[in-house]
Amino acid sequence: MASNSTTRSGWVGSIHYRALIVQILIIIFLYLNGLLLTTFFKKEVFRTSMRYIFFAYTLMSDCLYLLVTDVLLLLSYNRIVMQIWLCLLFLIIGTAYNFVFPLTLTLMTLERYVAICMPMQHGALCTQRNALHCILIVNAISLLPISISLSIYWASVPVSRYTEDLVCGVEMLIIHRWQSHYWSAITQLYFVIMLVIVMFCYVQILKAARKASGETKKSSGKGLRTVLLHGFQLILCLTRLWCPLVEAAVMQIDLRLFVDLRYANYVVFTLAPRCLSSLVYGLRDHKLFVNLKYYAVFGLACQPPGLTD
(Lines give C-alpha, C1' and ligand atoms only; values in the text may rest on other atoms or scores of the structure.)
Protein backbone atom coordinates (compact mmCIF):
# COMPACT_ATOMS: atom_id res chain seq x y z
CA MET A 1 0.00 0.00 0.00
CA ALA A 2 2.83 2.39 0.92
CA SER A 3 4.59 1.54 -2.31
CA ASN A 4 1.46 2.34 -4.35
CA SER A 5 1.03 5.62 -2.48
CA THR A 6 4.64 6.57 -3.13
CA THR A 7 4.32 5.72 -6.82
CA ARG A 8 1.15 7.76 -7.16
CA SER A 9 2.75 10.69 -5.33
CA GLY A 10 5.75 10.53 -7.66
CA TRP A 11 3.49 10.44 -10.71
CA VAL A 12 1.50 13.47 -9.51
CA GLY A 13 4.75 15.33 -8.78
CA SER A 14 5.96 14.54 -12.28
CA ILE A 15 2.72 15.97 -13.72
CA HIS A 16 3.15 19.21 -11.78
CA TYR A 17 6.80 19.46 -12.86
CA ARG A 18 5.86 19.03 -16.52
CA ALA A 19 3.01 21.53 -16.16
CA LEU A 20 5.52 24.04 -14.75
CA ILE A 21 7.79 23.53 -17.77
CA VAL A 22 4.85 24.20 -20.09
CA GLN A 23 4.02 27.43 -18.21
CA ILE A 24 7.60 28.67 -18.59
CA LEU A 25 7.60 27.87 -22.31
CA ILE A 26 4.27 29.62 -22.82
CA ILE A 27 5.43 32.73 -20.93
CA ILE A 28 8.55 32.94 -23.12
CA PHE A 29 6.43 32.37 -26.21
CA LEU A 30 3.89 35.06 -25.26
CA TYR A 31 6.66 37.54 -24.45
CA LEU A 32 8.32 37.02 -27.83
CA ASN A 33 4.96 37.25 -29.60
CA GLY A 34 4.22 40.45 -27.71
CA LEU A 35 7.46 41.99 -28.94
CA LEU A 36 6.75 40.92 -32.52
CA LEU A 37 3.20 42.29 -32.39
CA THR A 38 4.48 45.57 -30.92
CA THR A 39 6.89 45.81 -33.85
CA PHE A 40 4.06 45.07 -36.29
CA PHE A 41 1.62 47.67 -34.94
CA LYS A 42 4.31 50.35 -34.54
CA LYS A 43 5.39 50.22 -38.17
CA GLU A 44 3.13 51.12 -41.08
CA VAL A 45 5.39 49.24 -43.50
CA PHE A 46 4.37 46.00 -41.75
CA ARG A 47 0.68 46.86 -41.36
CA THR A 48 0.25 47.40 -45.10
CA SER A 49 2.01 44.21 -46.25
CA MET A 50 -0.05 41.02 -46.73
CA ARG A 51 2.91 38.90 -45.68
CA TYR A 52 3.23 40.63 -42.30
CA ILE A 53 -0.54 40.91 -41.78
CA PHE A 54 -0.81 37.13 -42.06
CA PHE A 55 2.15 36.74 -39.72
CA ALA A 56 0.64 39.09 -37.13
CA TYR A 57 -2.65 37.24 -37.33
CA THR A 58 -0.92 33.91 -36.67
CA LEU A 59 0.74 35.47 -33.60
CA MET A 60 -2.57 36.80 -32.22
CA SER A 61 -4.45 33.57 -32.91
CA ASP A 62 -1.58 31.54 -31.41
CA CYS A 63 -1.66 33.59 -28.21
CA LEU A 64 -5.41 33.07 -27.81
CA TYR A 65 -5.17 29.38 -28.69
CA LEU A 66 -2.32 28.70 -26.28
CA LEU A 67 -4.03 30.51 -23.41
CA VAL A 68 -7.23 28.50 -23.89
CA THR A 69 -5.50 25.15 -24.38
CA ASP A 70 -3.16 25.80 -21.45
CA VAL A 71 -6.15 26.37 -19.16
CA LEU A 72 -7.73 23.13 -20.39
CA LEU A 73 -4.44 21.28 -19.93
CA LEU A 74 -4.07 22.46 -16.32
CA LEU A 75 -7.70 21.64 -15.53
CA SER A 76 -7.27 18.20 -17.06
CA TYR A 77 -4.08 17.50 -15.08
CA ASN A 78 -5.73 18.48 -11.80
CA ARG A 79 -9.08 16.82 -12.68
CA ILE A 80 -10.91 20.11 -12.08
CA VAL A 81 -14.47 20.17 -13.38
CA MET A 82 -16.49 22.96 -15.01
CA GLN A 83 -20.02 23.30 -16.29
CA ILE A 84 -20.59 21.93 -19.78
CA TRP A 85 -21.73 25.26 -21.28
CA LEU A 86 -18.43 26.86 -20.24
CA CYS A 87 -16.50 23.86 -21.54
CA LEU A 88 -18.25 24.22 -24.91
CA LEU A 89 -17.12 27.85 -25.10
CA PHE A 90 -13.50 26.80 -24.52
CA LEU A 91 -13.80 24.02 -27.11
CA ILE A 92 -15.24 26.36 -29.76
CA ILE A 93 -12.26 28.71 -29.42
CA GLY A 94 -9.67 25.94 -29.08
CA THR A 95 -10.93 23.78 -31.96
CA ALA A 96 -11.51 26.68 -34.36
CA TYR A 97 -8.09 28.21 -33.76
CA ASN A 98 -6.50 24.81 -34.07
CA PHE A 99 -7.52 25.02 -37.75
CA VAL A 100 -6.73 28.73 -38.11
CA PHE A 101 -2.98 28.21 -37.72
CA PRO A 102 -2.40 25.71 -40.57
CA LEU A 103 -4.84 27.55 -42.85
CA THR A 104 -3.00 30.85 -42.30
CA LEU A 105 0.31 29.09 -42.90
CA THR A 106 -1.08 27.92 -46.23
CA LEU A 107 -2.03 31.50 -47.09
CA MET A 108 1.48 32.68 -46.21
CA THR A 109 2.89 30.02 -48.52
CA LEU A 110 0.60 31.17 -51.34
CA GLU A 111 1.74 34.76 -50.78
CA ARG A 112 5.38 33.67 -51.19
CA TYR A 113 4.42 31.80 -54.35
CA VAL A 114 2.79 34.90 -55.84
CA ALA A 115 5.72 37.11 -54.80
CA ILE A 116 8.33 34.87 -56.44
CA CYS A 117 6.51 33.24 -59.35
CA MET A 118 4.09 36.07 -60.24
CA PRO A 119 5.97 39.26 -59.24
CA MET A 120 4.07 41.46 -61.72
CA GLN A 121 0.72 40.52 -60.13
CA HIS A 122 1.94 40.59 -56.54
CA GLY A 123 1.14 44.25 -55.93
CA ALA A 124 -2.42 43.90 -57.24
CA LEU A 125 -3.24 40.58 -55.55
CA CYS A 126 -1.47 40.89 -52.19
CA THR A 127 -3.12 44.04 -50.86
CA GLN A 128 -4.13 44.92 -47.30
CA ARG A 129 -7.82 44.63 -48.23
CA ASN A 130 -7.37 41.16 -49.75
CA ALA A 131 -5.41 40.07 -46.69
CA LEU A 132 -8.33 40.96 -44.41
CA HIS A 133 -10.77 39.16 -46.73
CA CYS A 134 -8.56 36.04 -46.62
CA ILE A 135 -8.49 36.15 -42.82
CA LEU A 136 -12.30 36.27 -42.71
CA ILE A 137 -12.47 33.27 -45.04
CA VAL A 138 -9.97 31.38 -42.87
CA ASN A 139 -12.08 32.01 -39.77
CA ALA A 140 -15.24 30.81 -41.54
CA ILE A 141 -13.55 27.62 -42.74
CA SER A 142 -12.07 27.03 -39.27
CA LEU A 143 -15.47 27.36 -37.56
CA LEU A 144 -17.20 24.92 -39.94
CA PRO A 145 -16.06 21.58 -38.34
CA ILE A 146 -16.82 22.61 -34.76
CA SER A 147 -20.16 24.16 -35.82
CA ILE A 148 -21.26 20.82 -37.28
CA SER A 149 -20.11 18.97 -34.15
CA LEU A 150 -21.95 21.40 -31.89
CA SER A 151 -25.13 21.03 -33.94
CA ILE A 152 -24.94 17.24 -33.47
CA TYR A 153 -24.22 17.68 -29.75
CA TRP A 154 -27.13 20.07 -29.22
CA ALA A 155 -29.48 17.72 -31.07
CA SER A 156 -28.34 14.71 -29.02
CA VAL A 157 -28.04 16.10 -25.49
CA PRO A 158 -30.89 17.49 -23.32
CA VAL A 159 -30.66 21.16 -22.30
CA SER A 160 -30.58 20.21 -18.61
CA ARG A 161 -27.18 18.58 -19.10
CA TYR A 162 -25.46 21.88 -19.89
CA THR A 163 -25.32 22.76 -16.18
CA GLU A 164 -23.61 19.48 -15.23
CA ASP A 165 -19.95 19.46 -14.21
CA LEU A 166 -17.19 17.50 -15.92
CA VAL A 167 -13.49 17.58 -16.77
CA CYS A 168 -13.43 19.52 -20.04
CA GLY A 169 -12.03 17.82 -23.13
CA VAL A 170 -12.81 17.69 -26.83
CA GLU A 171 -13.73 14.02 -26.51
CA MET A 172 -16.96 15.05 -24.74
CA LEU A 173 -18.33 16.13 -28.15
CA ILE A 174 -18.18 12.54 -29.39
CA ILE A 175 -21.71 11.33 -28.68
CA HIS A 176 -22.01 8.81 -31.51
CA ARG A 177 -19.29 6.44 -32.70
CA TRP A 178 -19.58 7.70 -36.28
CA GLN A 179 -18.53 11.18 -35.13
CA SER A 180 -14.97 9.89 -34.77
CA HIS A 181 -15.07 8.97 -38.45
CA TYR A 182 -16.47 12.42 -39.24
CA TRP A 183 -13.56 14.15 -37.47
CA SER A 184 -11.10 11.82 -39.14
CA ALA A 185 -12.57 12.61 -42.58
CA ILE A 186 -12.58 16.37 -41.97
CA THR A 187 -8.99 16.26 -40.70
CA GLN A 188 -7.77 14.25 -43.66
CA LEU A 189 -9.60 16.53 -46.11
CA TYR A 190 -8.01 19.65 -44.62
CA PHE A 191 -4.64 17.91 -44.43
CA VAL A 192 -4.67 16.82 -48.09
CA ILE A 193 -5.84 20.18 -49.45
CA MET A 194 -3.31 22.23 -47.48
CA LEU A 195 -0.46 19.83 -48.16
CA VAL A 196 -1.18 19.82 -51.90
CA ILE A 197 -1.16 23.65 -51.93
CA VAL A 198 2.14 23.83 -50.04
CA MET A 199 3.77 21.18 -52.25
CA PHE A 200 2.55 22.96 -55.40
CA CYS A 201 4.03 26.26 -54.18
CA TYR A 202 7.28 24.54 -53.24
CA VAL A 203 7.68 22.95 -56.69
CA GLN A 204 6.89 26.19 -58.49
CA ILE A 205 9.29 28.23 -56.33
CA LEU A 206 11.95 25.54 -56.85
CA LYS A 207 11.53 25.93 -60.62
CA ALA A 208 11.76 29.70 -60.31
CA ALA A 209 14.91 29.41 -58.17
CA ARG A 210 16.61 27.24 -60.79
CA LYS A 211 15.82 29.68 -63.59
CA ALA A 212 16.68 32.81 -61.62
CA SER A 213 20.08 34.46 -61.31
CA GLY A 214 21.73 37.03 -59.07
CA GLU A 215 19.50 38.83 -56.57
CA THR A 216 16.37 37.10 -57.90
CA LYS A 217 17.94 33.69 -57.27
CA LYS A 218 18.81 34.73 -53.71
CA SER A 219 15.22 35.85 -53.09
CA SER A 220 13.85 32.62 -54.58
CA GLY A 221 16.17 30.53 -52.43
CA LYS A 222 15.02 32.33 -49.29
CA GLY A 223 11.39 31.86 -50.30
CA LEU A 224 12.08 28.17 -50.88
CA ARG A 225 13.48 27.73 -47.37
CA THR A 226 10.51 29.61 -45.92
CA VAL A 227 8.05 27.32 -47.72
CA LEU A 228 9.97 24.27 -46.45
CA LEU A 229 9.69 25.52 -42.88
CA HIS A 230 5.99 26.21 -43.42
CA GLY A 231 5.60 22.67 -44.72
CA PHE A 232 7.28 21.26 -41.61
CA GLN A 233 5.08 23.42 -39.37
CA LEU A 234 2.04 22.34 -41.33
CA ILE A 235 2.77 18.64 -40.85
CA LEU A 236 3.23 19.14 -37.10
CA CYS A 237 0.05 21.15 -36.54
CA LEU A 238 -2.06 18.98 -38.86
CA THR A 239 -0.92 15.93 -36.91
CA ARG A 240 -2.32 17.75 -33.87
CA LEU A 241 -5.78 17.54 -35.44
CA TRP A 242 -5.67 13.75 -35.04
CA CYS A 243 -4.46 13.85 -31.44
CA PRO A 244 -7.89 14.19 -29.73
CA LEU A 245 -9.07 10.99 -31.45
CA VAL A 246 -6.01 9.06 -30.29
CA GLU A 247 -6.22 10.54 -26.79
CA ALA A 248 -9.89 9.61 -26.45
CA ALA A 249 -9.08 6.00 -27.35
CA VAL A 250 -6.13 5.85 -24.93
CA MET A 251 -8.21 7.33 -22.09
CA GLN A 252 -10.46 4.27 -22.21
CA ILE A 253 -7.43 2.04 -21.65
CA ASP A 254 -5.13 3.81 -19.17
CA LEU A 255 -5.63 7.21 -17.50
CA ARG A 256 -1.91 7.71 -16.76
CA LEU A 257 -0.94 6.93 -20.32
CA PHE A 258 -3.65 9.35 -21.47
CA VAL A 259 -2.19 12.19 -19.35
CA ASP A 260 1.36 11.45 -20.55
CA LEU A 261 0.22 11.31 -24.17
CA ARG A 262 -1.73 14.57 -23.90
CA TYR A 263 1.34 16.32 -22.48
CA ALA A 264 3.62 14.99 -25.23
CA ASN A 265 1.13 15.91 -27.95
CA TYR A 266 0.75 19.41 -26.54
CA VAL A 267 4.50 20.09 -26.50
CA VAL A 268 5.35 18.48 -29.87
CA PHE A 269 2.29 19.31 -31.96
CA THR A 270 1.00 22.53 -30.35
CA LEU A 271 3.92 24.46 -28.84
CA ALA A 272 6.65 23.45 -31.30
CA PRO A 273 5.04 24.53 -34.61
CA ARG A 274 3.89 27.82 -33.12
CA CYS A 275 7.33 28.59 -31.71
CA LEU A 276 8.72 27.99 -35.20
CA SER A 277 6.56 30.84 -36.53
CA SER A 278 8.48 33.31 -34.39
CA LEU A 279 11.74 31.85 -35.69
CA VAL A 280 10.68 31.72 -39.35
CA TYR A 281 9.74 35.39 -39.48
CA GLY A 282 10.82 37.02 -36.23
CA LEU A 283 14.48 35.97 -36.37
CA ARG A 284 15.01 35.21 -40.09
CA ASP A 285 13.33 38.37 -41.39
CA HIS A 286 15.88 41.20 -41.27
CA LYS A 287 13.39 44.08 -41.04
CA LEU A 288 11.48 42.46 -38.19
CA PHE A 289 14.58 41.31 -36.35
CA VAL A 290 16.29 44.70 -36.39
CA ASN A 291 13.19 46.39 -34.95
CA LEU A 292 12.58 43.50 -32.55
CA LYS A 293 15.97 44.09 -30.90
CA TYR A 294 15.04 47.73 -30.35
CA TYR A 295 11.75 46.95 -28.59
CA ALA A 296 13.25 44.03 -26.65
CA VAL A 297 15.35 46.50 -24.62
CA PHE A 298 12.43 48.99 -24.37
CA GLY A 299 14.06 51.44 -26.77
CA LEU A 300 17.15 51.93 -24.61
CA ALA A 301 19.46 50.98 -27.46
CA CYS A 302 20.32 53.27 -30.31
CA GLN A 303 17.70 53.55 -33.00
CA PRO A 304 18.42 50.74 -35.46
CA PRO A 305 18.34 51.01 -39.25
CA GLY A 306 14.83 50.78 -40.69
CA LEU A 307 13.09 51.99 -37.52
CA THR A 308 11.68 55.00 -39.27
CA ASP A 309 9.07 54.54 -42.00
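If you take the C-alpha gyration tensor of region 71-222, multiply each eigenvalue by 5 and take the square root, what semi-axes do you get, largest first, in whole Å? Don't jump to the answer; show the numbers that get you there.
On the way: eigenvalues 351, 44, 42 Å².
Each semi-axis is the square root of five times an eigenvalue, giving 42, 15, 15 Å.
Could you compute how much accessible surface Thr163 exposes when probed at 1.4 Å, giving the result in Å² to the nearest 10?
90 Å²
Place the peptides 42-54, 69-81 in order of packing, highest mean first, counting for every residue the other Cβ atoms within 10 Å and averaging per peptide.
Result, highest mean Cβ count within 10 Å first: 42-54, 69-81.
Could you give me D for region 50-112, from Stokes-Einstein at 20 °C and 1.002 mPa s, where the hydrodynamic radius is the Kirkwood radius over C-alpha pairs? Units µm² s⁻¹, please.
167 µm²/s
Taking only the alpha-carbon positions of region 13-68 and ignoring solvent, what does the Debye formula give for the base-10 log of I(q)/I(0) at q = 0.15, 0.28, 0.29, 0.30 Å⁻¹?
Relative scattering, expressed as log10 I(q)/I(0), comes to -0.50, -1.06, -1.10, -1.13.
Mind ordering 180-187, 229-236 by average Cβ neighbours within 10 Å, highest first? Kindly include the intermediate steps, with their values, before the conclusion.
Values: 180-187: 15.4, 229-236: 20.0.
Highest to lowest by the protection proxy: 229-236, 180-187.
Note down, for region 104-162, the three equivalent ellipsoid semi-axes (square root of 5 times each alpha carbon gyration tensor eigenvalue), biggest first, whole angstrom.
They are 40, 10, 6 Å, listed from largest to smallest.
Applying the Karplus parametrisation 6.51 cos²θ - 1.76 cosθ + 1.60 with θ = phi - 60° to the phi angles of region 263-272, what ³J(HN,Hα) value in whole Hz is obtained for each residue in order, glycine and proline being reported as x?
5, 4, 4, 5, 5, 7, 9, 10, 5, 4
May I ask you to list the lysines whose Cα is less than 17 Å away from that of Lys211, ignoring any residue fewer than eight positions away on the same chain?
Partners found: Lys222.
The values are calculated or read from the model by the stated rules, or taken from the named source; none is laboratory data. Computed from a predicted structure; not experimentally measured. In this analysis, Cβ positions are derived from the backbone assuming ideal geometry, glycine residues included, and neighbour counts consider all displayed protein chains. Heads up: the accessible areas ignore ligands, DNA and RNA and are worked out on the full protein's heavy atoms, side chains in. Shrake-Rupley method; radii C 1.70, N 1.55, O 1.52, S 1.80 Å.
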